[in-house]
Amino acid sequence: MTKRIVKSAGIIFILFISVTSCNTSTKDGKEKKAAEVIPDDIVELRDDQVKLAGIQTDLVGMHSLSGILKVNGTVAVAPQDLATVCMPMGGFVKSTSLIPGSAVARGQSLAIIENQEFIDVQQNYLEAKNKLEYAEAEYKRHNELYKEDVYSQKNLQQVTADFKNLKAQVKALEQKLALIGINPADLNENNISRSVSVVSPITGYVKTVNVNIGKYVAPSDIMFEIVNGDRPLLELMLFEKDADKVSVGQKIRFFINNETEQHEAVIYQTGKSINSDKTYKIYASVSGTCKNVIPGMYVNAMIESGSKPMAAVPSEAVVSFDDKDYIFVYSRNKMESSKSFTEYRMVRVQKGIEDGGFTEVALPDGFDLKTSKVVVKGAYNLLSAKKNAGEMAC
């Protein structure tokens, strides 16, 4: 109802300007055209037009505003809660029983892999270990003989080198065995195996399964992806201009897809750089237990920005023109043909938080808050007068 009244008043105002402008004599019209050219950012009205338009001005005030910042994002997990499972030496899949969504515990077997190289590594380890035992005994024996001047230093150096080389070889093979999931301490000549188990590094559920029985997997192939969804996070995208409106500790209310159930989260980290598309990432930890919150889901979130004093004007003082936001500022009074006119200048601004009928505005450099009077009522009529300036000419 209010919008209709404002629009009706605007139409009446435009018609009034058209009629009163066209009632002037042709001579006066020629004199005005010859007198001056009005700049594009200036709108001028006679005193009676100002009164009809209901123009009121006031200074820009400092108001404490708190707004709701609406953002979008997805449910994510921290890197330590997402595991990609591969087999360092590759092999053929002997068995697996998992499908996406299966729950797994840390250390649980995900698949059995067979490879002849597993046998070779175990054999090489046991042979090197046996040689090391002999080399260690020889090293100790020759060291004692050298102390008694029975053995030469050159021979002792050769035995020492052989002993250390074998020791390094055994240590390297121990690490290789551990890498494929075999415990060197439990290995002996009676339990050499051609297969090993691929185990889950974390507790969670299976997100992706890329294997089947008989398939060969290379060391670079991803076999499984495991996700721990017990500690979901929100990864939210903000525009560059909103980066200063969020901080660590702020609470977030969010909704999953089109659900009506509200969830809560708390910002624990904000991005430190702006992306190429002028967006800014923040991360929030989900509060409480949300059973229906699954990584990858799309979320709509609302961030309550803190209340602080900022330059603001009544919301009706800000008008849009050519997809940009403007306010009108009183410029000056002047006389033309014995008539009094008032000029108003259009000033481009950036809109910010809207709260309680006021809108935050980012003003251009050099704007004097103490003396510049902004049109707080009737701005729409001024905009209408500017848009229809050409139509009002006779």
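With semi-axes defined as the square roots of five times the eigenvalues of the C-alpha gyration tensor, the equivalent ellipsoid of segment 82-227 measures 44, 14, 11 Å, largest first. Checking the cross-link pairs Lys207/Lys251; Lys51/Lys370; Lys324/Lys386 against a 20 Å limit on the alpha carbon distance flags Lys207/Lys251; Lys51/Lys370 as lying beyond it. Pairs of Cα atoms nearer than 8 Å and 6+ residues apart set the relative contact order; for the chain it is 28 percent. Calculated translational diffusion coefficient of the chain (25 °C, 0.890 mPa s; Stokes-Einstein with Kirkwood radius over alpha-carbon pairs) equals 84 µm²/s. For Asn72 and Arg231, the difference between the fully extended length at 0.36 nm per residue and the C-alpha to C-alpha distance is 55.3 nm. Span-like helix check, the chain: qualifying full DSSP H segments, with Cα axial length of 20 Å or more and mean Kyte-Doolittle of 0.0 or more, are 2-22. Where in segment 275-304 does the amide nitrogen come within less than 16 Å of the point 7 Å from the Cα of Asn257, taken along Cα to Cβ? Correct set: 291-300. Here the spin labels are modelled as points 7 Å beyond Cα on the Cα-Cβ line, and at Asp47 and Asn183 they lie 10.1 nm apart. Beyond 20 Å in Cα-Cα separation lie the following of the pairs Lys171/Lys215; Lys70/Lys245; Lys241/Lys272: Lys171/Lys215.
Each peptide among 271-283, 104-116 gets the average number of other Cβ atoms lying within 10 Å of its residues, and from highest to lowest they stand as 104-116, 271-283. Dipole magnitude for the chain: computed about the Cα centre from +1 point charges on Lys and Arg Cβ and -1 point charges on Asp and Glu Cβ, it is near 1100 debye.
All of the numbers you see were taken from the coordinates with simple rules; none came from a lab. Quick caveat: nothing in here was measured; it's all calculated off a predicted structure. Quick reminder, even Gly has a Cβ in these numbers, built from the backbone with ideal geometry, and neighbours come from all protein chains shown.
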